[in-house]
Amino acid sequence: MTGVEFLPKEYGYVALVLVFYCFLNFWMAGQVGKARKKYKVSYPTLYASESENKDAKLFNCVQRGHQNSLEMMPMFFILMVLGGIGHPLICASLGVLYVVTRYFYFTGYATGDPQNRLSIGKYGFLALLGLMICTISFGVNLLLA
């Protein structure tokens, strides 16, 4: 007995995708740490100043790619958790798409050209839209039950 009998069995996929995102986040944090050493940006400085560091833009792009992923994390998590109750397989699939596109968003941003984040990374917003629809459907179904 697991104590979560009210959840569909397939909800396990949702949980695994959330952990997959956590691993991606740890990896991105490590990349920021490497960039700090490479571009000589010490803690607690969040962003490098171009007047003080010739590589500021390169570091800031790595930092910003991770920071944006952190900013989007709460929305992604809540949409996965709630929408996944009603639509676990769809949400898990959209979640995998989101995680993969976040990787490309980060690596594109980390090139130093912010436009590169959008080549594949922009499709993550379609995944979020799908997750919103699943969560709306879950909420409406609860109200109509």
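Every read-out reported here was derived from the displayed coordinates using simple, explicitly stated rules and does not represent laboratory data. Keep in mind the model is a prediction, meaning the values are calculated, not measured. All Cβ positions, glycine included, derive from the backbone under ideal geometry; neighbour counts span all protein chains shown.
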**Q.** Selection status of Ala35, surrounded by 15 or more Cβ atoms within 10 Å (Cβ to Cβ), touching a Ser or Thr at 6+ places or on another chain (Cβ under 7 Å) and of a type in the set (A, V, I, L, M)
**A.** no
Q: Answer with yes or no whether Met80 is closer than 14 Å to Ile133 by Cα and either crowded, with 20+ Cβ neighbours inside 10 Å or aliphatic (A, V, I, L, M) (or both).
A: yes
Q: Would you mention how many residues in the stretch 8-32 are under 23 Å from Arg64 (Cα atoms), among the aromatic types (Phe, Trp, Tyr) and surrounded by 17 or more Cβ atoms within 10 Å (Cβ to Cβ)?
A: 1
